[in-house]
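Undergrad: A single structure is presented below for examination.
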Amino acid sequence: MKQCTHADALPHPEPGPLSETCPECLAEGWHPVQLRLCLSCGHVGCCDSSPGRHATGHHKESGHPIMRTFEPGEEWRWCFVDHVLV
């Protein structure tokens, strides 16, 4: 089973969110479907079901490997590099 090789390098404590919603979606006038929080810097981006796919775009631009859901009641994390739940 494949494992994430990046979780041990995450900052502690985890960064706080830089915004309450996806700023790129706000700038475009779009409504994000679900939000994701970058665990390297706190960027908030929309999920891949949103038109802009801004969380994935943030990963591609920054190289930050892991995000977590920013939705109430959800706890999961995703490693973009290793393509696994963390």
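The values are calculated or read from the model by the stated rules, or taken from the named source; none is laboratory data. Model, not experiment: these values are computed from the prediction. Methodologically, a virtual Cβ is constructed for each residue, glycine included, from the backbone with ideal geometry; neighbour enumeration extends over all protein chains shown. Surface areas here come from the heavy atoms of the whole protein model, side chains and all, with no ligands, DNA or RNA. Shrake-Rupley method; radii C 1.70, N 1.55, O 1.52, S 1.80 Å.
Undergrad: Taking HIS58, is it out of contact with any Gly (no Cβ under 7 Å at 6 or more places or on another chain) and either free of Cβ contacts under 8 Å to residues at least 24 places away in the same chain or in a loop (DSSP other than H, G, I, E, B) (or both)?
TA: Answer is no for this residue.
Undergrad: While we're here: Please list, ordered by first then second residue, the pairs with beta carbon atoms under 9 Å, 6 or more apart or interchain, first in region 14-27 and within 10 Å of HIS43 (Cβ to Cβ), second open to solvent by 40 Å² or more (accessible area, probe 1.4 Å) and in a helix (DSSP H, G or I).
TA: Final answer for the pair search is SER19/LEU26.
Undergrad: Take the residues of region 1-31 that are more than 16 Å from ARG68 (Cα to Cα) and in a helix (DSSP H, G or I): which is least open to solvent (accessible area, probe 1.4 Å)?
TA: CYS25
Undergrad: Would you confirm, using the coordinates I've provided, whether GLY63 is over 13 Å from the mean Cα position of the chain (by Cα), surrounded by fewer than 15 Cβ atoms within 10 Å (Cβ to Cβ) and small (Gly, Ala, Ser)? Walk me through it before giving the result.
TA: Numbers: over 13 Å from the mean Cα position of the chain (by Cα): no; surrounded by fewer than 15 Cβ atoms within 10 Å (Cβ to Cβ): yes; small (Gly, Ala, Ser): yes.
Spelling it out, it is not the case that GLY63 is over 13 Å from the mean Cα position of the chain (by Cα), surrounded by fewer than 15 Cβ atoms within 10 Å (Cβ to Cβ) and small (Gly, Ala, Ser).
Undergrad: Of all residues in region 72-86, how many are of a type outside the set (A, V, I, L, M, F, W, C), surrounded by 14 or more Cβ atoms within 10 Å (Cβ to Cβ) and more than 14 Å from GLU14 (Cβ to Cβ)?
TA: 1
Undergrad: Additional query: Applying the selection to region 44-60, what residues are open to solvent by 50 Å² or more (accessible area, probe 1.4 Å) and either aromatic (Phe, Trp, Tyr) or over 16 Å from THR21 (Cβ atoms) (or both)?
TA: Matches in region 44-60: ASP48, LYS60.
For every residue, the table says whether it meets (1) at pLDDT below 95; (2) of a type in the set (A, V, I, L, M, F, W, C).
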| position | (1), (2) |
| --- | --- |
| SER19 | no, no |
| PRO23 | no, no |
| LEU26 | no, yes |
| GLY29 | no, no |
| CYS41 | no, yes |
| PRO51 | yes, no |
| HIS59 | no, no |
| HIS64 | no, no |
| MET67 | no, yes |
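Undergrad: State yes or no: is HIS6 without any contact (Cβ under 8 Å) to a residue 24 or more places away in the chain and either of a type in the set (Ser, Thr, Tyr) or touching a strand residue (DSSP E or B) at 6+ places or on another chain (Cβ under 6 Å) (or both)? Spell out how you get there, then give the answer.
TA: Values: without any contact (Cβ under 8 Å) to a residue 24 or more places away in the chain: no; either of a type in the set (Ser, Thr, Tyr) or touching a strand residue (DSSP E or B) at 6+ places or on another chain (Cβ under 6 Å) (or both): yes.
So HIS6 does not fit the description; no.
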